[in-house]
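Each reported figure results from applying straightforward, stated rules to the coordinates on display, with no laboratory input. These numbers come from a predicted model, not from an experiment. We place every Cβ from the backbone using ideal geometry, glycine too, and count neighbours over all the protein chains shown.
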Amino acid sequence: DKLYTKRFDDDTNLRCHFILDNSGSMHYPKVNKEKFNDVDKVRFSILSIAALMQVLKKQRDAIGLSVYGEQYDSFFTEKGNSKHYYTLMNHLTGLYLASSKSSETNTYRYLQEISDKIHKRSLIVLFTDMFQSVVDDQKLFEALRHLNFNKHEVIMFHVYDSKTEFNFEFSNSNF
């Protein structure tokens with residue numbers, strides 16, 4: 001004759017894959033690399049990824065990383081151990097200290113390649129400024145739909161310099 005409430009807690013293992021655009025346009029505005037607090041778009045993205053990785057590490061979630069620029073530079077599959085975390089942080093530190101590149105990129109093609117490499121359902125977090133040599137919204141949405149079709153959840157951070165660049169909004173947000 002007594003009422004009871006049962007509580008159930010379930011631990012879930014999140015798989016998160018970060019994608020970083022390391023093209024020449026992400027190294028804007030010009031910063032003094034000697035000053036650690038002087039940031040451009042790619043440095044801001046790296047710091048954001050590192051902060052999110054720290055949160056995910058504390059939750060014991062699996063973390064992966066892909067970096068592309070003029071070519072598809074690196075791919076680290078999702079793992080949850082400390083050694084892998086420090087490997088990713090070391091790679092991000094190298095990118096943070098690297099000099100700027102003057103390269104073009106093809107985000108659409110690299111998103112397709114990355115999607116094919118990520119086999120298990122994951123949270124995909126993309127950091128890019130979406131500057132392309134040829135801008136085609138349809139190709140962008142096809143690439144994002146391809147990620148979504150593979151049952152990944154996609155979050156895109158559009159990184160831009162608010163002082164000199166404008167923020168554009170996509171006309172089609174149903175990808």
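Worth pointing out:
- In the elastic network of the chain, a GNM with C-alpha springs shorter than 10 Å, the most mobile of 97, 56, 65 is 97.
- Computed magnitude of the charge dipole of segment 103-153 (debye, nearest 20; Cβ of K, R +1, Cβ of D, E -1): 360 debye
- Global form of segment 12-143, assessed from the alpha-carbon gyration tensor, a/c cut-off 1.5: oblate
- Between the helical axis of 107-117 and the longest alpha-carbon principal axis of the chain there is an angle of about 40 degrees.
- Dipole of the chain [Lys/Arg +1, Asp/Glu -1 at C-beta], most positive-end residue of 128, 44, 94: 94
- Too-long pairs where the Cα-Cα distance tops 25 Å, listed order kept, from 83/151; 6/120; 58/83; 79/117: 83/151; 6/120
- Here is how the number arises for the chain: DSSP H runs of 4 or more residues each give -39500 (n - 2.57), the sum is divided by the residue count, and the result at 222 nm is -11000 deg cm²/dmol.
- Computed from Cα atoms, the angle from the helix 82-97 axis to the main principal axis of the chain rounds to 20 degrees.
- 0 to 90° range, to nearest 10: angle between helix 41-58 axis and the chain longest Cα axis: 20 degrees
- Lys, Arg +1 and Asp, Glu -1 on Cβ, resulting dipole of segment 45-138 about Cα centre, debye, nearest 20: 700 debye
- The simple Förster model, with R0 at 30 Å and r as the Cβ-Cβ distance, assigns residue 38 and residue 150 a FRET efficiency of 0.20.
- In a reduced charge model with +1 at each Lys and Arg Cβ and -1 at each Asp and Glu Cβ, the chain shows a dipole moment near 720 debye about its Cα centre.
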